[in-house]
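Worksheet: the structure to be examined is printed underneath.
The values are calculated or read from the model by the stated rules, or taken from the named source; none is laboratory data. Computed from a predicted model, the values in this text were never measured in an experiment. Counting neighbours? That spans all protein chains shown, and the Cβs are built from the backbone with ideal geometry, glycine included. In case anyone asks, the SASA skips ligands and DNA or RNA and just uses the protein heavy atoms, side chains included. Shrake-Rupley method; radii C 1.70, N 1.55, O 1.52, S 1.80 Å.
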Amino acid sequence: MIEVERLTKRYGPATVVEDVSFVCRPGTVTGFLGPNGAGKSTTMRMLCGLTPATSGTATVLGVPFTSLPNPGRHVGVLLDASAQHAGRTGRETLALTARILGVPAARADEMLDTVGLAGKAAGRRVGDYSLGMRQRLGIAQALIGDPSVLVLDEPANGLDPEGIYWMRTLLRDFADRGGAVLLSSHLLHEVEAVADTLVVIAGGRVVASGTKSKLLAPSGRTFVRALDPAALYSALVGAGLPVVRREPPADGGGEAFVVEAQGEAVGRAAAASGVVLLELRQASGGGLEELFLTLTGRQTGPATTPSVPQEALR
Ligand SMILES: Nc1ncnc2c1ncn2[C@@H]1O[C@H](COP(=O)(O)OP(=O)(O)OP(=O)(O)O)[C@@H](O)[C@H]1O
């Protein structure tokens, strides 16, 4: 269990994490999402006692991380895969971690096997590893002490699609066996497949949080594209169906519309006007997808906060 309560970090006049609260429960994967510079790493560093908080508290298994006896036996942490000693081999790195944590040396080979670094890769120097291999080694290091909590900062960076799929399966299994996972990413779709709960941070503040099913619930809107966009638009307006967004032409087709109505009503309005439809489907995502587009597409820095009604997303 991870409990973060009103955590705040200031560097001089800049507040980079402000009043952040969330809980990560056993048996769940919590996706900690936000664009670059949102404050994810700073929050995780405060959680692990590496950066002192200006105010607020963070506990793991009921106590501050730094109060845990032999923390690596309780919490597996991967904050920076590039921070490993470049001159040691993968096997040496894990053997050393096993000794420090007081777990059997055999755990090192077991973990190398688990993360797909057994054989030749285990004998190579970490300095010669790709980023993806270093992430795998970092995950092995996090798991070697058989912890019940995992704190992983952007572990999918550098992993290929097969590696991302492998990691998701590993984290899901870990949570299904009762573990708590806090997983950060700047990509919604990267954590969407594995997380049960999402905490979205931007400009240092939590802008949305809750279960994935609630946050990503279908919007009740319909995406529609026709051979003749102008005729479709007239048909929709004529039927009193609100067009909430226009989508630019794609794949040689015309402009499309997102309509605040169910597909059947949209289809009927088009049919009544003799409009030929090319596409008719539920509009993707709900508020979170929109929020993420705002955060990642139309914002450049951490200082701005999205103009999305936050309470609507909680
Ligand atoms: N030691 C520091 N001194 C001053 N500012 C800092 C320090 N560390 C981080 N920051 C600032 O805090 C903000 C949040 O950074 P942080 O690394 O926590 O974001 P992030 O969400 O992890 O981003 P990314 O996805 O790029 O890793 C950034 O604007 C960053 O420049």
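Values as computed for the structure displayed
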quantity: Segment 222-282: proportion of alpha-carbon pairs further apart than 16 angstrom, %; calculated: 28 percent
quantity: Accessible area per residue in Å² at 1.4 Å probe, computed on the chain; calculated: 46 Å²
quantity: ASN36 versus GLN282: modelled label distance in nm, points set 7 Å from Cα along the beta carbon direction; calculated: 3.4 nm
quantity: Euclidean distance of C-alpha centroids, segment 181-199 and segment 54-81, integer Å; calculated: 20 Å
quantity: Charge dipole of the chain about the Cα centre (unit charges at C-beta), most positive-ward option of LEU159, PHE257, VAL275; calculated: LEU159
quantity: Zone of ASP109's modelled label, taken as backbone nitrogen in segment 135-165 under 17 Å from a point 7 Å along Cα→Cβ; calculated: none
quantity: Table column - 3J(HN,Hα) (Hz), segment 150-157, Karplus curve with 6.51, -1.76, 1.60, x for Gly and Pro; calculated: 10, 10, 10, 9, 6, x, 7, 4
quantity: Cα centre as origin, Lys/Arg/Asp/Glu Cβ charges: the chain dipole, Debye; calculated: 680 debye
quantity: Charged-residue dipole, Cβ positions (Lys, Arg, Asp, Glu), segment 1-111 about Cα centre, Debye nearest 20; calculated: 140 debye
quantity: Computed over segment 126-284, the ratio Rg/Rh where both radii use C-alpha atoms and Rh is Kirkwood; calculated: 1.16
quantity: Beta bridges per DSSP with both ends in the chain, % antiparallel, nearest 5; calculated: 65 percent
quantity: Global size of segment 1-158 as Cα Rg and Dmax, reported in angstrom; calculated: 16.3, 51
quantity: Theoretical ellipticity at 222 nm over the chain - DSSP helices of four or more residues, -39500 (n - 2.57) apiece, nearest 500; calculated: -9500 deg cm²/dmol
quantity: Rounded D (µm²/s) - segment 152-205, Kirkwood Rh over Cα pairs, Stokes-Einstein at 20 °C, 1.002 mPa s; calculated: 181 µm²/s
quantity: Estimated vicinal HN-Hα couplings, Hz - segment 160-174 in sequence order (Karplus 6.51, -1.76, 1.60; Gly, Pro = x); calculated: 7, x, 5, x, 5, 5, 4, 5, 4, 4, 4, 5, 4, 4, 4
quantity: Spin-label pair SER213/GLU260, simplified geometry with 7 Å Cα→Cβ offset, distance in nm; calculated: 2.7 nm
quantity: Residue (of VAL4, GLY178, PRO64) at the positive-pole extreme of the chain, dipole from beta-carbon charges; calculated: PRO64
quantity: Share of carbon and sulfur in the accessible heavy-atom surface of segment 222-282 [1.4 Å probe, %]; calculated: 53 percent
quantity: Full-stretch length increase - LYS120, ALA272 - with 0.36 nm per residue and alpha-carbon distance subtracted; calculated: 48.0 nm
quantity: Charge dipole (debye, nearest 20) of segment 222-282; +1 at Cβ of Lys and Arg, -1 at Cβ of Asp and Glu; calculated: 100 debye
quantity: Peptides ranked, highest mean first, by Cβ atoms within 10 Å: ranges 148-155, 161-168; calculated: 148-155, 161-168
quantity: Label point at SER130 placed 7 Å out along Cα→Cβ; residues across segment 62-95 whose backbone nitrogen lies under 19 Å; calculated: 81-84, 90-91
quantity: Scattering curve values for the chain, log₁₀ I(q)/I(0), Debye with Cα scatterers, q = 0.08, 0.09, 0.14, 0.16 Å⁻¹; calculated: -0.46, -0.56, -1.03, -1.22
quantity: Length-normalised contact order of the chain in % [C-alpha pairs under 8 Å, at least 6 apart]; calculated: 20 percent
